[in-house]
Structures are given as structure tokens and as C-alpha cells.
1. Please work out the ratio of the alpha-carbon Rg of region 237-291 to 2.2 N^0.38 Å and round it to two decimals.
2. Angle, helix 13-32 long axis vs. longest principal axis of the chain, Cα atoms, 0 to 90°, nearest 10?
3. So if I restrict to the alpha-carbon atoms in region 279-340, what is the Rg, and what is Dmax, the biggest pairwise distance, in Å?
4. Using C-alpha positions alone, give me the convex hull volume of region 25-65 per residue in cubic angstrom.
5. Roll a 1.4 Å probe over the protein chains and send me the accessible area per residue for region 125-254 in Å².
6. Considering only protein heavy atoms and a 1.4 Å probe, what is the carbon-and-sulfur percentage of the accessible area of region 118-252?
7. Looking at the square roots a ≥ b ≥ c of the eigenvalues of the Cα gyration tensor of region 229-327, which shape do they give, rounded for a/c under 1.5, prolate if a/b is larger than b/c, or oblate?
8. Using 0.36 nm times the number of residues separating Val114 and Val82, minus their current alpha carbon distance, what extension gain do you get?
Amino acid sequence: MVVDEKDILGRAFGPYQFFKQRERELAQEAKKNGNRLPIHQVWRREYYNYPYLILETDEHVIERFSDLMSNIVDISTDCKIVPTPGMENDARFMRLFTEVIEETNWRGALTPDVTRKATNTIHAYFRDGIPLGCRMFGDREHIPGKWIVKYSKAAYVKDMLKFGRFRISPASEYSKGSYIKAIKDLETARPYKLKALSDLLKGGDTVKARGMTMKIQNGFIPMEFMVDDYFLFSSCKEIDRRMPTDFESDAALIVKNRSEFVKRLKRAMLEQFPTWQFLEGEVYYYDPYNDIPRSRNQEFWKHFSYSYQKEHRCVLRPRRQHFGKLAPFFVEIGPLGDIAEAIYVE
């Protein structure tokens, strides 16, 4: 069935008028207070001005709510559920959470079943008692900026420490259905939704760009940025008490000299692919509704629903378009006892 965007906009007319009225009320409130509002009211006022999610489906709004819920809580060193620091990164998640609450409120979408499923994400770590990560790390603290952590099975971690032996996989492997949800991500595709609500409000239902006419869908122009396959070595930039459960790991390699480890890994990977390009860095967790693919290094961009993983990456990619199928390979960079420590679940 073809959905008429203007018909959808007509059904959202009431909520849209409500948002504009609330915007006017907050403008008056700000005027009375020296043009100042509490930060949460500033976020609301800006969203009321351009409620970009208003035409999105309930399904996508609820999914967004669940994604945010799973990233604004964490497990502390004393094994308690705690909120993540709310004002980091320009309070980005708190702002997005405020917006999605406004959307779910007018829709009546936050049913008990929806909120239960969203909070189950964090409670699931305690399903079998004390989470794996708590048993693995105890009250151990992390050294920011210097350490990275690789989660795996005990037998593999022993080989990592003793021989510096690592399996390097193509990014395309991470989208295979056999993988668990935590690592099942389309590592060679980056979906985005370009905002087009203003175009609909002006009476159009298509947008023209670069010689193409694109249909607006639920107030957005959907697009997908494809990345050529590449080799990926993934680790975590912090000790984290959720990751062992996510990756079904009973051990971890803590690398305590990140720069030296990366230098050794780079040398070993380039020995096998000398004409390829090696890159390393921390992942940027993008919001498909508010980010556009600015960076040329899309290998380091990942959907914000995975933000809690705090990922660090080493990437090996071809300098020219590569048409062959990539296969996993192993590297051995030598014993790592001088820069790393192995931790096992007790």
C-alpha cells in the first residue's frame, strides 16, 4: 500500500499544533527569566520548533526509546545499576532522550510492556546472579586513554597473552546471523535519515538533489552509505562489566600500553597486506536522524545503540576498490606479558 505523506501530516496536525503552542509558552517563560531556561526546557523548546520525529512510525520511536534506555545506564564497579554521566558529549543522550519522551507522550506509546522490555536490557545482565563482568573484574578501575580490553574465551586469551595470536576478521562477518545480537551489526552499511519535515510543511513530498528525485518517507529521506569490506580488530577502550555477557566471554586481555600494542599489530597486519592502509581509533557513535556521513572514515562510525560498548578499532582497508571476497587471517605479534594482563572469570 502506498502511503501519502500529506495524509500522514494531516493526522499529525493536532500534535504539531500542540508542539508549536508549547514552544510559544516556553518563549514567554524564557522572556520573563532574562531569556534563560533550564537546559531540559531549552531542549524541549528546540524540539517543539522542529519536531522531526512527529511523522515517524511508533515502531521506530519505541526502538529509539529502547536504544537510549540501554545507553543511559551502566553497571558500576560495585556491581550496581547506575546512570551514565548525563552531561558528557554535550549531554547528547539526555537531549535525545528528552526528545523521544516528548514523542512517546503524545502517542501514548510508553505502555508498561514497552518500558518493561526497555529496562530488561540492563536487568538481563543479572539474570544468573552476579554479572560475568563483575565476577571478572571485581572493583578493578580502568586507566583512561592508555588501556584497551579484548574480550574472548579463556583458551584464546591465553594464546593472545603467550603468543600475541589474534584472529583478524572481515567486517562483513559481523553481520552474519550466527553472531549474537551484541556484535550483529551491519559493519559495511551505515543507514541515515535526512530530515525533510520542512519540505512537507511547504507542500512537497519529494526532494531533488544531485539530479535525483527522492520520495519523503515519514518525514525523512532514507539513505544508506555503503562501505567496502575491510578487516576489523575490535576491542573496548574501557574495562566494562557488560561486555563479557554481550560477547559470551569468560576472559579478557587488558592491554596496558595501547600505543605499543597498536604499533606491533600494525606491523603484523601490514606484513600480510603491505599495500593496504592501517587506521586505528575510537568509534564515533552516530545518530542516523541527526548526523550525516561527513567523515571519509565510515569504518569508525557505528549506530549509537551500541555506544555503551565504548569500542576501539584497528582497521585494515584497501587503498583501491577491492572486488575479492575477504577471508579471516591470523597474526602473531609475540608475547605480550610486558604490556598486557589476562583476566579470567573466577
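1. Normalised Cα radius of gyration, region 237-291: 1.52.
2. Rounded to the nearest ten degrees, it is 90.
3. Values for region 279-340 (Cα only, Rg and Dmax): 15.4, 45 Å.
4. 68 Å³
5. Counting only protein heavy atoms, the per-residue value for region 125-254 is 50 Å².
6. 52 percent
7. oblate
8. 9.5 nm
The values are calculated or read from the model by the stated rules, or taken from the named source; none is laboratory data. Everything quoted here is computed from the prediction, not taken from an experiment. Every residue, glycine among them, receives a Cβ derived from its backbone with ideal geometry; neighbour counts consider all protein chains shown. Each accessible area value is taken on the protein alone, full model and side chains, heavy atoms only, with ligands, DNA and RNA left out. Shrake-Rupley method; radii C 1.70, N 1.55, O 1.52, S 1.80 Å.
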